[in-house]
Amino acid sequence: WTRTHKAPEASARTMDGCGGDGRRPRAVFMAFGTHGDVFPIAALAAAFANDQQQYTVVFITHSAHQSLSTHLAVSKVRYMPVASPPALASEQLDNISYDSVQSNAGPESFSRRKEIIQTEHRKACLASVEEVFGNDPSIHSDFIVINFFALEGCHLAELFQVKCIIAAPYFLPYSAPSSFERQFKQSFPLLYKYFQEAPPNTVCWTDITHWMWALFMESWGLWRNDCLNLSPIPYTDPVTNLPLWHVRAESPLLL
């Protein structure tokens with residue numbers, strides 16, 4: 001654990017069992033990337049499902065990791081695949097087909113086709129998480145666990161009002177650009193102040209510079225606004241674009 005404050009519900013063994021309507025709590029584990037990125041999170045999902053049998057547990061990852069499904073099924077974890085590839089190389093793209101890519105579309109640049117795959121990937125993530133959380137109101141024990149290549153889950157946790165936990169089997173694979181703080185302060189001075197003045201155990205500037213800076217990239221803003229109906233910028237009001245001064249979210253737990 002990288003934080004000293006308590007995990008959600010104090011510990012796994014004290015998590016409550018059901019919502020007020022008797023529904024089982026739900027845990028979504030979402031991990032993308034290659035084997036080394038995904039398999040440790042799958043192991044967490046299986047162990048959690050074995051230990052906390054009152055939960056409905058789901059694992060979302062690439063269809064290329066289909067081999068995990070049998071192992072997860074033993075622990076009664078539902079495997080939900082998405083069609084995006086674990087890694088993108090220009091030669092791979094020639095063999096990838098989505099509904100939005102017409103067979104007669106002609107040659108496309110690598111960046112354009114990568115953008116199409118990203119769009120379809122996020123659409124599939126939304127559909128999968130919506131299938132889990134979309135029909136019933138969330139309860140306090142619901143949560144999403146993601147790795148650092150599944151930041152979609154962080155935005156989707158906000159959409160469905162559930163906790164988001166980050167699990168990293170190794171050190172952070174990327175760091176903020178050297179100009180990030182200067183540009184952020186210049187573009188969002190009030191939001192910068194909001195994070196700088198954060199009370200203990202709430203989202204603060206240290207969280208942003210450590211890993212959360214990636215949530216503020218422009219491509220996320222478009223997706224949040226156009227597809228999730230959230231404010232383009234996290235922790236701001238969708239109407240005024242001002243910081244949510246009256247709301248202080250708990251700092252996400254990082255494993």
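Of the heavy-atom accessible surface of the stretch 173-249 (probe 1.4 angstrom), what whole percent is carbon and sulfur?
55 percent
With +1 on each Lys and Arg Cβ and -1 on each Asp and Glu Cβ, how big is the dipole of the stretch 173-249 about its Cα centre, in debye rounded to the nearest 20?
Taking the Cα centre of the stretch 173-249 as origin, the dipole is about 120 debye.
Hey, what does the equivalent ellipsoid look like for the stretch 173-249, semi-axes from the Cα gyration tensor as sqrt of 5 times each eigenvalue, largest first, whole Å?
Whole-Å semi-axes of the equivalent ellipsoid: 18, 17, 12.
The values are calculated or read from the model by the stated rules, or taken from the named source; none is laboratory data. Everything numeric in this text was worked out from a predicted model, so none of it was measured. No Cβ is skipped: glycine too gets one built from the backbone with ideal geometry, and neighbour counts run over all protein chains shown. Accessible surface is based on the protein model in full, side chains and every heavy atom, while ligands, DNA and RNA are left aside. Shrake-Rupley method; radii C 1.70, N 1.55, O 1.52, S 1.80 Å.
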